[in-house]
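Let me begin by presenting the structure, written as structure tokens, before commenting on it.
The values are calculated or read from the model by the stated rules, or taken from the named source; none is laboratory data. From a predicted model like this one, the values you see are computed outputs, not experimental measurements. Here Cβ is always computed from backbone atoms with ideal geometry, including for glycine, and neighbour counts include all displayed protein chains. For accessibility, only protein heavy atoms count, side chains too; no ligands or nucleic acids. Shrake-Rupley method; radii C 1.70, N 1.55, O 1.52, S 1.80 Å.
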Amino acid sequence: MLDAQRLFQRPLELLAELDAPGLPDDLPGLAVRLRTALGEMVGGMEGGAATCLISHFNDRLTIRLIEATARRHRLPPVAWCWLALGSEGRHEQTFVSDQDNGLIFQASSAQEAEALRTLFLPFAQEANQRLAEAGFTLCPGQIMAGNPAWSLSFDEWRERFIDWVRRPDPDALLNASIFFDLRPLCGAEQLGEELRTLLLSMTVATPSFQHLMAANALQAEVPLNFRGEPVLDERDEVDLKKYGSRIFVDAGRILALTTGTREVNTVERLQQAGRQVGLPTQEIAGLVAAFGQVLRLRLAQQVAAGVPLGLAGSGLKPAVLHEMDQAILREALKQARRLQQRLKLNYSL
């Protein structure tokens, strides 16, 4: 009992250290200790709950860094908000997460937006760098607030979203999978909420976009053979991100964008939007359970690889799982296949 209490107490102690006045001198070291403590804590937890917990602690660390960085800069006196995107926006971070973020600010004209962007960029770039030092890898695709392309006024974001929804191409669909999971994290959060309201009003009213998103999601085939066994790659692995959790994430996003559901977390999207499109309660429960199990297996693989202290891929070797988890993996992938079949029916694909 004492060991269990200590297991849960340690992250809270580290969080209190993070929240103390003034940033800790060794913030990267604190971040490593926090991830290590979380790695010990989430073992055996349901996957959705575990990723929400990890994301909550990451939120606290990120907000602390952004606020401290903002105080180091003379920012213009206009409303601004730091946007969490991708898995961070969905509250679904694992121990292997790079940065996906953006910045939104108020501007009265294109000229003012350009001037304000020049003032915000040094702050955003320093924040991205400090987050990288704390263990949040810089995004290889440069989807970060410090990139001028993603440090935009409200009107500029609106034009981007209009372009992606009404004139979609492969790049637009890729951007939708990241930017349409936005969540306001720090600053004037109402700006982010207004942007999400605008986004949903467009996607609900554009069936052609919904159809293209669904067709794009179906390109990731569930790795099961005709016997219902996992199909392995040359390393005898299954990529549980690309061919596991992503399938549930993509479907949840499409259902939410179709129904106007404001939630960005995949479980909440499947539950709320799923009911609105007529999915039976038991079917939704099965999908949510399967998604949680895929996340649990991903986290267990990362912890076993020592990911809180380093990096690893998303590949999982089914052969290393015990018999029960092998059966759970097979059933979770079958649920993913059923979900894709549901998309085919709903969007006439």
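Mind telling me which of the residues 161, 105, 136 ends up being out of contact with any His (no Cβ under 8 Å at 6 or more places or on another chain), open to solvent by 10 Å² or more (accessible area, probe 1.4 Å) and closer than 29 Å to residue 250 by Cα?
136
List pairs: first residue in region 237-253 and over 10 Å from residue 223 (Cα atoms) and free of Cβ contacts under 8 Å to residues at least 40 places away in the same chain, second residue part of a helix (DSSP H, G or I) and open to solvent by 10 Å² or more (accessible area, probe 1.4 Å) anywhere in the structure, Cβ distance under 8 angstrom, at least six positions apart or on different chains.
These pairs meet every condition: 252/267.
For residue 213, state whether it is free of Cβ contacts under 8 Å to residues at least 60 places away in the same chain and more than 18 Å from the chain's Cα centre (by Cα).
Answer is no for this residue.
Just to be sure I understand, how many residues within region 165-190 are open to solvent by less than 40 Å² (accessible area, probe 1.4 Å) and within 18 Å of residue 59 (Cα to Cα)?
Looking only at that region, the number is 9.
Table: residues versus (1) aromatic (Phe, Trp, Tyr); (2) open to solvent by 10 Å² or more (accessible area, probe 1.4 Å).
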position	(1), (2)
254	no, no
260	no, yes
280	no, yes
291	yes, no
302	no, no
322	no, yes
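Return yes when residue 14 is surrounded by 13 or more Cβ atoms within 10 Å (Cβ to Cβ), among the hydrophobic types (A, V, I, L, M, F, W, C), over 29 Å from residue 297 (Cβ atoms) and touching a helix residue (DSSP H, G or I) at 6+ places or on another chain (Cβ under 9 Å) and no when it is not.
Answer is no for this residue.
Return yes when residue 193 is in contact with a Pro (Cβ under 9 Å, 6 or more places away or on another chain), modelled with pLDDT of 95 or more and either among the acidic types (Asp, Glu) or part of a strand (DSSP E or B) (or both) and no when it is not.
So residue 193 passes the test.
Scan region 262-271 residue by residue and report those that are surrounded by fewer than 24 Cβ atoms within 10 Å (Cβ to Cβ) and among the polar types (S, T, N, Q).
265, 271
Quick one: would you say residue 116 is aliphatic (A, V, I, L, M), part of a helix (DSSP H, G or I), at negative phi and open to solvent by 20 Å² or more (accessible area, probe 1.4 Å)?
no
Report the residue count in region 38-97 for those that are of a type in the set (D, E, K, R), within 18 Å of the chain's Cα centre (by Cα) and more than 30 Å from residue 115 (Cα to Cα).
Residues meeting the conditions: 4.
Return the residue satisfying two criteria in turn: it lies in region 260-295 and is hydroxyl-bearing (Ser, Thr, Tyr) and in a helix (DSSP H, G or I), and of such residues it is farthest from residue 182 (Cα to Cα).
281
Yes/no per residue for (1) under 18 Å from the mean Cα position of the chain (by Cα); (2) within 14 Å of residue 51 (Cα to Cα); (3) of a type in the set (Val, Ile, Thr):
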position: 242; (1), (2), (3): yes, no, no
position: 256; (1), (2), (3): yes, no, no
position: 267; (1), (2), (3): yes, yes, yes
position: 295; (1), (2), (3): yes, yes, no
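In the list 135, 146, which residue meets the criterion of being in a loop (DSSP other than H, G, I, E, B), out of contact with any Cys (no Cβ under 7 Å at 6 or more places or on another chain), within 30 Å of residue 303 (Cα to Cα) and not aromatic (Phe, Trp, Tyr)?
The unique qualifying residue is 135.
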